[in-house]
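Below is one structure, written out as structure tokens; comments come after it.
Just so it is clear, none of the values below were taken in a lab; they were calculated from the coordinates. A quick note: this is a predicted structure, and the numbers were derived from the prediction, not measured. We place every Cβ from the backbone using ideal geometry, glycine too, and count neighbours over all the protein chains shown.
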Amino acid sequence: MTSAGSGLSLLQTCALSLLVFTGASQFALVGALAAGGGAVTAAAGAFFLGVRNAFYGLRLSQLLALPRVVRPFAAQWVIDETTAVSLAQPTRRAARIGFLVTGLSLYVLWNLTTLLGALGADAIGDTKAWGLDAAGPAVFLALLAPMLRTGTERAVAALAVLLGLGLLPVLPAGVPVLVAALAAPLVLWAHGRGIASRGDVEERR
Amino acid sequence: MNIWLAIGLTVVGCYAVKLAGLLVPAGVLERPLVRRLAALLPVALLAALTAQQAFADGRALVLDARAAGLAAAAVALLLRAPFLLVVAAAVLVTAGARALGG
């Protein structure tokens, strides 16, 4: 992985994957440290990228209805992929299984590949040449698609794409995605106003 | 030492936000507005992430072979292809577009 090339030891690289387990935050931390940023600045950037996991947790806690004792352990696996898979399941049972299977397999794979990467497995070569960098967005799109059932959801997604891409060049890494999350309350608010004004018209009649 | 400090801060911060979301009391979540909002937030986040992973290179916006791959994935989804086929389509089309000089 990239971190081995930017001055982190094998132990430090693996500790990141084991304990942080949020890819975007890890890359941000390593990137900032490599660029000569201070420890606190680097950690702050990584923290911003991790904040979206709190929103995922909100949704997952009502979906999975986990016992209080289990929550501190489940929390480590609250990430993009587990949320998306859990949300795609029709029942609570399936959602719990989805969360567990996705969480476990990603955790094991992520840490194994980190170890291999840190050990210097340059043999794989350039993943870009194989088009593997397109797998990420394709996975997200496939998980997102079943959620776009109504006009409200489509409007939220469209607005979020605009915000996420439009703000990318002007705001620090991780912040545009958080701002894009505002698409949800904005669309809900606009939607609510629409219903309210229609209600007024009917009342006046 | 400095690096371990940064790692420690990141570990604590990232875990805290993950746990915070799970620990919000169920009573708050039963309010209809909060329910709707919590359902829509992942839609917004996933949509923004999808777009950024497909069209961003660092902090610059780019249109490269990944866009073709994402389009292929969208077509596969519209055709109700299974999940793995969708991802495979994106990877193959992206690799193909790059091989052709994209």
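For the peptide B:83-96, the mean number of other protein chain Cβ atoms found within 10 angstrom of a residue's Cβ is 5.
Run the numbers on region A:49-172 and let me know its relative contact order in percent, using alpha-carbon pairs under 8 Å that are six or more apart. Display every interim value, and only then the final one.
Working: 52 pairs, mean separation 24.7, N = 124.
About 20 percent, as a whole number.
What percentage of all Cα-Cα pairs in region B:63-102 are separated by more than 15 Å? For region B:63-102, the fraction of Cα-Cα distances above 15 Å is 31 percent. Could you tell me what % of all Cα pairs in the protein assembly as shown have separations over 26 Å? Distances greater than 26 Å cover 49 percent of the Cα pairs. Distance between the pseudo-spin-label points of B:Leu29 and A:Leu19 (7 Å out from Cα toward the beta carbon): 2.8 nm. Kirkwood analysis of chain B, using all unique Cα-Cα pairs, places the hydrodynamic radius at 17.2 Å.
If you run the Gaussian network model on chain B, springs between alpha carbon atoms under 10 Å, then out of B:Val86, B:Val62, B:Val28 the most flexible one is B:Val28.
Quantify how much of the Cα-Cα distance distribution of region B:1-55 extends past 13 Å, in percent.
73 percent
Under a 5 Å amide H cut-off, with hydrogens placed 1.01 Å from N, B:Ala56 pairs with B:Val62 among residues at least 5 apart or on other chains.
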